Amino acid sequence: MVKLMLALDVMDKDKALKIARETSEYVDAIKIGYPLVLATNLKIVKEIKELSNKEVICDFKVADIPSTNEKIAKLTLQYADGIICHGFVGEDSIRAIQNVAKENNKKVIMVTEMSHPGAVMFMQPIANELAKLAKKLGVDGVVAPSTRPERLKEIKEIVGEIPIVSPGIGAQGGDLEKVLEILSDNDYIIVGRSIYNSENPKESAKMYKEKLKNRE
Ligand code: 3DU
C-alpha cells in the first residue's frame, strides 16, 4: 500500500504533539521541517517519535558543502529516522550525508523536482539528471511532485525501485487518483495542510488512509 506521510508544519509545540497523537493511528510517517524545529528545538523530533511510534523524517532540504552537510546529518539523525537533502549540490555533498546515515542505519531522501510552480524554472530542467544521480548513489528515497503526474511518472521510471516520497496532494492541488495510478507499494504521499489545518485532523488523516487502502 502507498504510505501516508504527515507534514507536521505547525509552529506550536502543543498543537504538534496533539496532532501527532491524534493522527498516529492513520499515518505511516511524520515529516518535520524547519517551521516546527525553529519554533521549538531539535528535540521535538525525539518527542514526536516517542509519542507517535512512527518513522520520523526531517525535511531540512540540506544543500551545503560536504563537511557542513555531515554536521547537519549527525545532529539530525541522532533523533530522526531519515533526512531530506537536495541533490543539485552534487555527489560529494550527498555522499557526506549517506556516510552518516549508513553508520546509524538511517535514510537519506533526495529531492529531484519540487512540487510548487517555481520548480519548473530551474529544477525541472535538471530533475531527470538528479533522479539518475539518486539511482547511482542508491539513496533511500526521492522527492518528486504529485502536482505534475507526468513528471512523477518519468522520475519514477528513472529511479526504479527507490521509493518515491511525493508532496502536493491537498493544499497544493495534486490529483490523488492520478498519482495513485503511478505510485506503488512503499512509496509515500506527503500531506500537510489539508490534515493539520482541517477542523478534525484525525478524520482528515483517516480519510486519506482510507483512500490509499481502497486503491490496493
Ligand atoms: O502542501 P502541504 O501543506 O501538504 O505540505 C507539503 C509539505 O511537503 C511541506 O512540508 C513542504 O515543505 C514539503 N515539500 C513540498 O511541498 C514540495 C517539495 O518538493 C518538497 C517538500
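The values are calculated or read from the model by the stated rules, or taken from the named source; none is laboratory data. All of these numbers come straight from a predicted model, not from anything done at the bench. Note that we place each Cβ from the backbone using ideal geometry, even for glycine, and neighbour counts take in every protein chain shown. Heads up: the accessible areas ignore ligands, DNA and RNA and are worked out on the full protein's heavy atoms, side chains in. Shrake-Rupley method; radii C 1.70, N 1.55, O 1.52, S 1.80 Å.
For this structure, a couple of remarks:
- Scanning region 81-114 for residues that are acidic (Asp, Glu) and either in contact with a strand residue (DSSP E or B) (Cβ under 7 Å, 6 or more places away or on another chain) or closer than 16 Å to Lys136 by Cα (or both) yields a total of 3.
- Any chance Lys74 is farther than 16 Å from Val191 by Cα, more than 15 Å from the ligand (Cβ to nearest atom) and not hydrophobic (A, V, I, L, M, F, W, C): yes
- Number of the condition not met by Lys71 [criteria: (1) without any contact (Cβ under 8 Å) to a residue 40 or more places away in the chain; (2) outside any helix (DSSP H, G or I); (3) surrounded by fewer than 22 Cβ atoms within 10 Å (Cβ to Cβ)]: (2)
- Any chance Gly170 is within 20 Å of Val108 (Cα to Cα), within 16 Å of the ligand (Cβ to nearest atom), small (Gly, Ala, Ser) and buried (at least 20 other Cβ atoms within 10 Å of the Cβ): no
- Boolean, Val142 is assigned to a helix (DSSP H, G or I) and among the β-branched types (Val, Ile, Thr): no
- When region 23-38 is filtered for residues that are open to solvent by 30 Å² or more (accessible area, probe 1.4 Å), out of contact with any strand residue (DSSP E or B) (no Cβ under 8 Å at 6 or more places or on another chain) and within 15 Å of Gly192 (Cβ to Cβ), only Pro35 remains.
- Taking each residue of region 156-175 that is under 23 Å from Glu55 (Cα atoms) and looking for partners that are among the aromatic types (Phe, Trp, Tyr) with beta-carbon atoms closer than 9 Å, six or more apart or interchain, yields Pro163/Tyr188; Ile164/Tyr188; Val165/Tyr188; Ser166/Tyr188; Ile169/Tyr208; Gly170/Tyr208.
- Set Ile126, Ile155, Ile195: member being part of a helix (DSSP H, G or I) and within 11 Å of the ligand (Cβ to nearest atom): Ile195
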